[in-house]
Amino acid sequence: MQTFRVYQSLWAMERRRPDGQEWTLEQKLAMIRDAGFDGAGVRFFDYQYARTVTQFLREHGMSWQAQCYPRTVDELRPIIEHVRELGADHINLQADVRPYTLQECIPYIEGWRRLADDAGIALHIETHRDRMTTDLFFTLHLLDRFPDLRLTADLSHYVVGREFAWPIDETNHALMRRIIDNAWGFHGRVASREQIQLQLEFPQNRKWLELFMGWWEYGFNSWMARAGEDAVLTFLCELGPPEYAMTGADGYELSDRWAEAQTMMGMVRDLWRRCDEKRAAAPPAAVRKRA
């Protein structure tokens, strides 16, 4: 049976308040556990940190994805060694390089994929600004060259980066669906054409929330149709601290970001359940056709 796991980003647990008050790592992990998340996104470039966090998660029956930001092919090697020792359901790679041409990207993609394949570890390339995948069109060219490239789809970056006009037209929907059809994991954040991170419960943001929920629904259905029956889809709630989060003149955030992360967890779990029920009810021929 296909499985859906909702993770919380540990980066998103940073508060960055004007008064300097932060939760300890132990508090963050306990909060994630007690809120009912399935696991966390963990920085794997810091071995001691990754070891401490994964030990807690393992002891509490939770799982994790390994976050990394390599600037060379070889910088992925220690990450793979850490994953071999500590485990992870996949490596989430932000390509911290900015090639000007598609041709310059090829050695990186081929090198990273070769290392991960040789180790038998799943590798996802994240869509993110100021990375190799910063631009929607450039990433689509990458998919032309590597049609089986597995992405972590953080769709917020392309909404802001392309500054899509509202309402989103069918041309732009089709471009986003190409990204989503290569997504093997999602990072969760709602953006508008001007802001990278919107408050989920503000009424003026409702149309953008519905847009992203629609894309995620499409993505869940797309993934269900192409993934194996024993596959796992992860969704990382990644509501970042300031300056991702909006703040007022006093420097404090305009909403409760931790509460919003838990709201997002519930929303996407409900969405997954609806998609799964619809899939289960579909005639076998319809499932085969969608696949």
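The values are calculated or read from the model by the stated rules, or taken from the named source; none is laboratory data. The structure displayed is predicted, hence computed values, not measured ones. Please note: Cβ atoms are built from the backbone with ideal geometry, for glycine as well, and neighbour counts cover all protein chains shown. These area figures cover heavy atoms from the full protein model, side chains too; ligands, DNA and RNA do not enter into them. Shrake-Rupley method; radii C 1.70, N 1.55, O 1.52, S 1.80 Å.
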What does the charge dipole of region 1-138 about its Cα centre add up to, to the nearest 20 debye, if the Cβ of each Lys and Arg holds +1 and the Cβ of each Asp and Glu holds -1? 200 debye
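Could you work out [θ]222 nm for the chain from helices alone, using -39500 (n - 2.57) per DSSP H run of at least four and dividing by all its residues? Round to the nearest 500 deg cm²/dmol.
Working: 10 runs with 134 residues, N = 291.
Dividing the helical sum by the residues of the chain leaves -14500 deg cm²/dmol.
How much area per residue is accessible in the chain when the probe is 1.4 Å and only protein heavy atoms are counted (Å²)?
With all protein chains present, the chain gives 46 Å² per residue.
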Charge tally for neighbours of GLU277 with beta carbon under 13 Å away, counting Lys, Arg as +1 and Asp, Glu as -1, is +2
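What ranking of ARG145, ARG113 comes out by heavy-atom accessible area, probe 1.4 Å, highest first?
Descending order: ARG145, ARG113.
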Round to a whole number: what % of the accessible area of the chain belongs to carbon and sulfur, probe 1.4 Å? 49 percent
Give the residue list of chymotrypsin sites (Phe, Trp or Tyr not before Pro) in region 118-176 that are DSSP loop and have at most 11 other beta-carbon atoms within 10 angstrom. none
With the Cα gyration tensor of region 164-216 giving a ≥ b ≥ c as the square roots of its eigenvalues, does the rule (a/c under 1.5 for rounded; else a/b larger than b/c for prolate; else oblate) give rounded, prolate or oblate? oblate
Whose amide H sits under 5 Å from the amide H of TRP64, counting only residues 5 or more places off or on another chain, with H placed in the peptide plane? ALA40, ASP89
Which one, LEU57, TYR218, TYR244, projects farthest toward the positive side of the charge dipole computed for the chain from Cβ point charges (K/R +1, D/E -1)? TYR218
Loop-only chymotrypsin sites (Phe, Trp or Tyr not before Pro) in region 1-54, please: DSSP not H, G, I, E or B, and at most 14 other Cβ atoms within 10 Å. TRP23
ARG226/TYR100 FRET efficiency (R0 30 Å; Cβ-Cβ; nearest 0.05): 0.40
Let's test the formula: R0 of 22 Å, r as the Cβ-Cβ distance of ALA282 and ARG150. What FRET efficiency results, to the nearest 0.05? 0.30
Considering only DSSP beta bridges with both partners in the chain, what is the antiparallel share in %, to the nearest 5? 5 percent
Near GLU126, within a Cβ-to-Cβ distance under 11 Å, what is the net charge of the other residues, with Lys and Arg +1 and Asp and Glu -1? 0
Counting only protein heavy atoms and leaving out ligands, DNA and RNA, the solvent-accessible surface of ARG16 at a 1.4 Å probe, in Å² to the nearest 10, equals 110 Å²
Rank these by accessible area, largest first, 1.4 Å probe: MET1, MET176. MET1, MET176
Using the scaling law 2.2 N^0.38 Å as the reference, what is the normalised Cα Rg of the chain? 0.98
Does region 61-179 come out rounded, prolate or oblate, given a ≥ b ≥ c as the square roots of the eigenvalues of its C-alpha gyration tensor, rounded meaning a/c under 1.5 and, failing that, prolate meaning a/b above b/c? prolate
Nearest 5 is fine: what % of DSSP beta bridges in region 147-282 come out antiparallel, could you say? 10 percent
Rounded to the nearest 20 debye, what is the charge dipole size of the chain about its Cα centre when +1 sits on each Lys and Arg Cβ and -1 on each Asp and Glu Cβ? 700 debye
